[in-house]
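Here's the structure, in structure tokens; my notes come after.
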Amino acid sequence: MKFKKIAAVVGAFALAGSLAACGGSDDSGSDAGGDKITIGIKFDQPGLGFKKADGTYAGFDVDMATYIAEGLGYEEDQITWKEAVSANRETFLKDGTVDMILATYSITDERKAEVDFAGPYYVAGQDLLIRADDSSIKGPEDMKGKKICSVTGSTSAQKVKDEYGAVPQEFDSYSKCITALQGGQIDALTTDDIILAGYAEEFPGEFKIVGQPFSEENYGVGLPKGSEDRDKINDLIEQSFEDGAWEKAFNDNLGNSGYELPEPPKVDRY
Amino acid sequence: MDLFSEYGSAILEAFGLTLRLAVFSGIFSLILGVVLAVFRVSPVPVLRWIGAAVVYTFRNTPLTLVMFFALFGLFYQLKIGASQTAPLNEQNFQLAVIALSVYTSTFVCEVLRSGINTVPLGQAEAARAIGLTFSQNLRLVVLPQALRSVLNPLASVMIAMIKNTTVAVTIGVVTAKGVNEASGQMRTMMENEADQIVLIFIIFAIGFMILTLPVGFLAGWASKKFAVIR
Amino acid sequence: MSASVLYDAPGPRAKKLNWLYSGLVLVALLFVAWLVFSKFKETGQWEGEKWTPFIDADVWNNLLIPGLLGTLRAFAVGSLLALAFGFVFAVGRLSPLKIVSIPSAVVVEFFRSIPMLLLMFFIYFLQPSLGIQPTSIFWAVVLGLMLYNGSVIAEIIRAGVHALPKGQSEAGSAIGLTSGQVMRTILLPQAVRSMLPAIIAQLVVLLKDTALGYVLGYSELLNQVKQLDINFHNLIPAAIVVALIYIVLNTILGLVANWIEARTRRVAHTAGPVGATDTPELQTAPAAGMPSGIV
């Protein structure tokens, strides 16, 4: 009999559980091809793709994505933004969670086997971000014995360690690296230069990018295998180079970073 | 098994780091836990409040955040907790040990307190009757009995602590060679060898069993050997 | 035994000394607080712009509350599954059939000895090879929570059953109940009631453990620290605020535990002092909403 009361308590938990389970709607699938488009971006990359406190999204990737979506016939309010963390990008495209991805997504042969790419719309390279008043680091070869930060699961810090003898510190987010860099506990942050530019822009005058990239990353628009929109998107990317939209997207988001806008890349219609 | 030929030494090194984290945190959390427990039963009200506040705060904060505050609050802001000139990996190691010790000590404290509750009233009363002071009473009569009666739950806390060393991955604790502790090493291997996930998991699961099971057995044996006969 | 048995009620001299000690400790505490305050001030942690975001409704609506919901969602689903898992394997381990009890014991002991972070990583990385798409971070977190905390809850329930007087199950058998009926109608209801505080204490642990989902990138409270920092460059203030939210959540859960404990105690009319002293390892020390639990 008393068991009923316990059952009631357990039942209350069950109710709370099911309510809470309904509460998060972020798992909702997309309706590709309808009057809406779902685009995967980063939510935590200042200057490229990030969620602002007012609930809107901003960044170079976001502006490029908006431009492409508009070219495909979608208004801004028809775009649903979805967080695409690095590990989820291929699966999101394969199972239709998103219609396309602009999330610092490098074109590689491995990925080409699983998804299609339009672009590249930007060529990035691994570089170093240091404190603005630090004159001791002029390139990766100066990193011997210096403390270098990157995020867990990326190979960027390991590379600087193996090739240039730096001491790596790995955190789970760039935010922590930036705080440590500000405080002087580490000497440099390494990842793609345009991501670094996002932080340089966020903290004006505090940091500088060394500007000696030691790798090449071609950022592309990720699409499901066999997507019909690929040619159209390639055209739109080229159009953005010509009509100034590309440059504007860069200047609006990364213009104060002290980082020079490179030449637009050549679109690879493979 | 080319998994072993490729990763064998890294796995050993990772568990070595886990073991070192566990041993240091174990010792410090026991010491700190006893201090906190003494605070919590002491005759000085302000010490009791401090003990309660420390226990309450750290028990209700996720260890991930405690680790974060050790590194970013204690070390980066207050510049204490580790030597500023020590190598990076040693700094992080010390801070992880501080975080784990403080966090675990609150659980040690509560276990000890429940142990003190199992010491019969007459024991403390008798001790006071023959004129022992609070500290003599605690040191000579109550704590020795309390400690013995809580060996098993204390072992549970220590086993949990050994497993909690994995959270050190969030502040990037590595060995001098740059190898992560066990959970970080397992993640790296799973990322690189996607077709051997199950085998990798079993290797690390066995590793942790080797670390944790003896603690339980030892406590079971010791609690029988040192049982307080009443 | 209350703490006061360890020492005499303070006399006039001891009272004066207590005041002195309290004063000294207070001065020391104030000094430490001032030290921390000034150091944090030096590094600019108290600047208004790092804290004003937390009185902005937008910040709560778009960042903190979604994060809180993520945490609560993992907690709710995780604790339900952990309770179910705990019941099944407690009953399994108590079964007279060796073919049931031995595998149950193996499962429980196995998952109790593996760090939860390892379980979460394993479930996360295993999904693609099982053909599950997209890889669900949520289920990696929730199943990890279930396996570990469920095993602990199974042990709590089992200990509760063991602590019942033998006469309970003997009486049941004597009136012709099967062992399943004895378990269901006599032992489990009493065991669960006596162990409810310990079970809820374990749920506090589970709530804190949802924070491990952060390592996998599950969008919960701790993840919002990063998001707040990107917007306002206030990594440390954001972490302080999130820590406070966790403390409040756990306090609420602790109060619920105390309330349930008080209720069940009021209606209890068991044959003996169930689970009172036989199992010190499971005795909770519930001091003001501070239930124990296994880390």
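The values are calculated or read from the model by the stated rules, or taken from the named source; none is laboratory data. Just so it is clear, the model here is predicted, and its values are computed rather than measured. Virtual Cβ from ideal backbone geometry, glycine too; neighbours counted across all protein chains shown. The area values use the complete protein model at the heavy-atom level, side chains included, leaving out ligands, DNA and RNA. Shrake-Rupley method; radii C 1.70, N 1.55, O 1.52, S 1.80 Å.
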For the range C:58-144, alpha-carbon Rg relative to the globular expectation (2.2 N^0.38 Å, N residues): 1.39
Based on the alpha carbons, how large is the Rg to Rh ratio for the range B:146-230 when Rh follows Kirkwood? 1.14
Hits in the range B:21-56: amide N under 18 Å from the 7 Å Cα→Cβ extension of C:L20, namely B:43-47
What are the extents of the Cα atoms of the range B:1-82 along their three principal axes, listed from largest to smallest and rounded to whole Å? 61, 28, 23
Over chain A: Rg over Rh, Cα atoms, Kirkwood Rh: 1.06
Straight distance only, please: which aspartates and glutamates reach the Cα of B:K163 with their own Cα at less than 15 Å, same-chain residues fewer than 8 apart left out? B:E181, C:E109, C:D209
Which whole number gives the average count of other chain Cβ atoms within 10 Å of the Cβ atoms across peptide C:120-130? 6
If you count, for every residue in B:212-222, the Cβ atoms of partner chains within 10 Å of its Cβ, what is the mean? 1
Just to be sure I understand: if I project the alpha-carbon convex hull of the range B:151-198 onto a plane and average over all orientations, what area do I get in nm²? 4.7 nm²
Going by average Cβ neighbours within 10 Å, how do the peptides A:183-189, B:205-211, A:131-137 rank, with the highest at the top? A:183-189, B:205-211, A:131-137
Charges at C-beta only: +1 for Lys and Arg, -1 for Asp and Glu. How large is the resulting dipole of the protein assembly as shown about its Cα centre, in Debye rounded to 20? 6380 debye
Hey, could you grab the Kirkwood Rh for chain B? Inverse mean 1/r over distinct alpha carbon pairs, Å, one decimal. 19.4 Å
Quick calc: nm separation of the 7 Å Cα→Cβ label points for C:A174 and B:T133 -> 5.7 nm
Kindly count the pairs of lysines across the range A:144-255 whose alpha carbons are less than 29 Å apart, treating pairs on different chains or eight or more residues apart as eligible. 19
Probe 1.4 Å, protein heavy atoms only: A and C together bury a total accessible area in Å², to the nearest 100, of 3300 Å²
Ordered by packing density, taken as the mean number of other Cβ atoms within 10 Å over each peptide's residues, highest first, how do B:99-109, A:241-251, B:80-90 rank? B:99-109, A:241-251, B:80-90
Residues of the range C:165-195 with the amide nitrogen closer than 20 Å to a label point 7 Å from the Cα of C:R263, along Cα-to-Cβ, please. C:188-195
Filtering chain C for DSSP H helices with an axial alpha carbon extent of at least 30 Å and a Kyte-Doolittle mean of at least 0.0 returns C:12-42, C:65-94, C:137-162, C:235-267
Rounded to whole angstrom, the alpha-carbon centroid of the range A:197-270 lies from that of the range C:141-167 at a distance of 54 Å
Label point 7 Å beyond Cα of B:I210 along Cβ direction - residues of the range B:170-198 with amide nitrogen under 16 Å: B:181-183, B:185-186
Of every Cα-Cα pair in the protein assembly as shown, the percentage lying beyond 48 Å is 24 percent
Leaving out ligands, DNA and RNA, what percent of the accessible area of the protein assembly as shown is carbon and sulfur, probe 1.4 Å? 61 percent
What is the Cα centroid distance between the range C:197-224 and the range B:83-152, reported in whole angstrom? 27 Å
MRE, 222 nm, helices only [DSSP H, n ≥ 4, -39500 (n - 2.57), over chain C, to nearest 500]: -23000 deg cm²/dmol
Expressed as a fraction of 2.2 N^0.38 Å, the rule-of-thumb size for a compact globular protein of N residues, what is the C-alpha radius of gyration of the range C:52-282? 1.20
Hand me the trypsin sites (Lys or Arg not before Pro) from the range B:124-219 located in a DSSP loop with no more than 11 other Cβ atoms within 10 Å, in residue order please. B:K177
With a sphere of radius 12 Å drawn around the Cβ of B:A37, what net charge do the other residues whose Cβ falls strictly inside it have (Lys, Arg +1; Asp, Glu -1)? +2
At each listed q (0.21, 0.22 Å⁻¹), what is the log10 of I(q)/I(0) that the Debye formula gives for the range C:29-84 modelled as equal alpha-carbon point scatterers? -0.80, -0.82
Rg/Rh (Cα only; Kirkwood hydrodynamic radius) as it applies to the range A:126-209: 0.91
Lys pairs in chain C with Cα under 24 Å (8 or more apart in sequence, or on separate chains) total 7
Length gain on complete extension for the stretch A:K232 to A:D95, per 0.36 nm per residue less the alpha carbon to alpha carbon distance? 47.1 nm
May I ask for the distance between the Cα centers of the range C:38-102 and the range B:153-230, given as a whole number of Å? 23 Å
With a 1.4 Å probe on protein heavy atoms only, work out how much accessible surface B and A bury together, total over both chains, in Å² to the nearest 100. 1200 Å²
Over all residues in C:70-79, what is the mean tally of Cβ atoms on other chains that come within 10 Å of each residue's Cβ? 5
P(r), alpha carbons of the range A:191-236 - 5 Å bins starting at zero, rounded %: 5, 17, 19, 13, 11, 14, 12, 7, 3
When the Debye formula is applied to the Cα atoms of the range A:203-270, each taken as the same point scatterer, what base-10 log of I(q)/I(0) results at q = 0.18 Å⁻¹? -0.87
What does the buried accessible surface come to for C and B, summed over both chains, with the probe at 1.4 Å? Round to 100 Å². 5600 Å²
